[in-house]
Amino acid sequence: MGKSLKGLQGSIVALVTPFAEDGSVDFDALGRLIDFHLEGGTDAILVLGTTGESSTMSHEEDDAVCEFTVKRVAGRVPVIAGSGSNTTQTMLEKSLSYQNLGVDGLLLITPYYNKSNEEGIYQHFKTVLDAVDIPCILYNVPGRTGCSISPRNVERLAKHPNAFGIKEASGSISYATKIARFLSDDFVMFSGNDDIVVPLMSLGAKGVISVWANVMPREVHEMTWNYLEGRHDEALAEQLRCLDLIDALFCEVNPIPVKGALEMMGMGKAVYRLPLCELSEAGKVRVAEALKGVGLVD
């Protein structure tokens, strides 16, 4: 039995996908990472997002990761799967497949590369929202996709019963303020930028879908819950304490640095699929220093 997204708040990890030396998905390592998050208090697990390198994975691998994660988590926290594609039909097929595999929610991205116009982007999301029976989170990340979800489209989509919320990763406080007007008990916002979680929570966000949580699950969980429970100063102090690490985790394109950080922490070897490749020497130095700065490595 899965877990409802209703009332979901806090830290949702955008989980990396560990690969074996031969490039295949390393399910043993994936299991260890899932256990690390369950023990660390992570509030929900997102697989097959940008951080999960889903753009380099086959549909069969995507299904296998969903199925494995649902079984490993066993209903203890919600499991969300990134089913996005720039082809609406593919996003629809993946969404229905992951729903059948037992995920609790979906993350739907804008149509990258082909972009579309405002009505096309609306229909892209609406097509999936109309077809599924589980909650969906819209994903606004124009730096990755080359297009944004207009505030008008957020307003329209927020009214759909299957639209649970939005992952806001534009980095623009101005945009976040505009769409904050459309938030409700039935449509919530999560920060998609680890460096501005507390600022977005001040606008009504309920937490973060986080790269940073891959390496500090308990701390990100506690920071978000400190804010939610009114301990704003403590939340802000943690946000600022970890800012150098957060910045280091994005010193090269995500998820290159965070996989490198996990390797430095003894959490398995950093293996990538092209076009992503190993962290540069300068990047390794920066990530190592940042990890030392927060006490994650000696």
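Just a few scattered comments:
- Computed from backbone phi with θ = phi - 60° and the Karplus coefficients 6.51, -1.76 and 1.60, the 3J(HN,Hα) list for region 196-203 is 10, 5, 5, x, 6, 5, 5, 8 Hz; x is used for glycine and proline.
- Highest-first arrangement of 245-256, 121-132, where packing means the average Cβ count within 10 Å: 245-256, 121-132
- Over the chain, DSSP H runs of length four or greater, each weighted -39,500 (n - 2.57), average out per residue to a 222 nm ellipticity of -13000 deg cm²/dmol.
- Rounded, prolate or oblate (a/c below 1.5 giving rounded, otherwise prolate when a/b exceeds b/c) for region 90-156 by Cα gyration tensor: prolate
- Secondary structure note: in the chain, about 5% of the DSSP beta bridges are antiparallel.
- Heavy-atom accessible surface of the chain: percent carbon and sulfur, 1.4 Å: 51
- Region 1-125: relative contact order in percent, alpha carbon pairs under 8 Å with at least 6 residues between: 26
- Packing rank of 99-110, 263-274, 33-44, 195-206, where each peptide gets the mean count of other beta carbons within 10 Å, highest leading: 99-110, 195-206, 33-44, 263-274
- Mean-position separation - Cα centroids, region 226-298 and region 94-118, in angstrom: 27
- Mean Kyte hydropathy of -0.5 or more with a Cα span along the axis of at least 15 Å, helices from DSSP in the chain: 27-40, 118-131, 281-293
- Mean sequence separation of contacting Cα pairs (under 8 Å, at least six apart), scaled by the length of region 77-142, corresponds to a relative contact order of 37 percent.
- Per residue accessible area of region 99-202, 1.4 Å probe, in Å²: 40
- Fraction of beta bridges assigned by DSSP in region 1-152 that are antiparallel (%, nearest 5): 5
- Measuring nothing but how far apart in sequence close Cα pairs (under 8 Å, 6+ apart) lie, relative to its length, the chain scores a relative contact order of 17 percent.
The values are calculated or read from the model by the stated rules, or taken from the named source; none is laboratory data. Please read all numbers here as calculations on a predicted model, not as lab measurements. Here Cβ is always computed from backbone atoms with ideal geometry, including for glycine, and neighbour counts include all displayed protein chains. Ligands, DNA and RNA are excluded from the accessible area calculation, which covers all protein heavy atoms including side chains. Shrake-Rupley method; radii C 1.70, N 1.55, O 1.52, S 1.80 Å.
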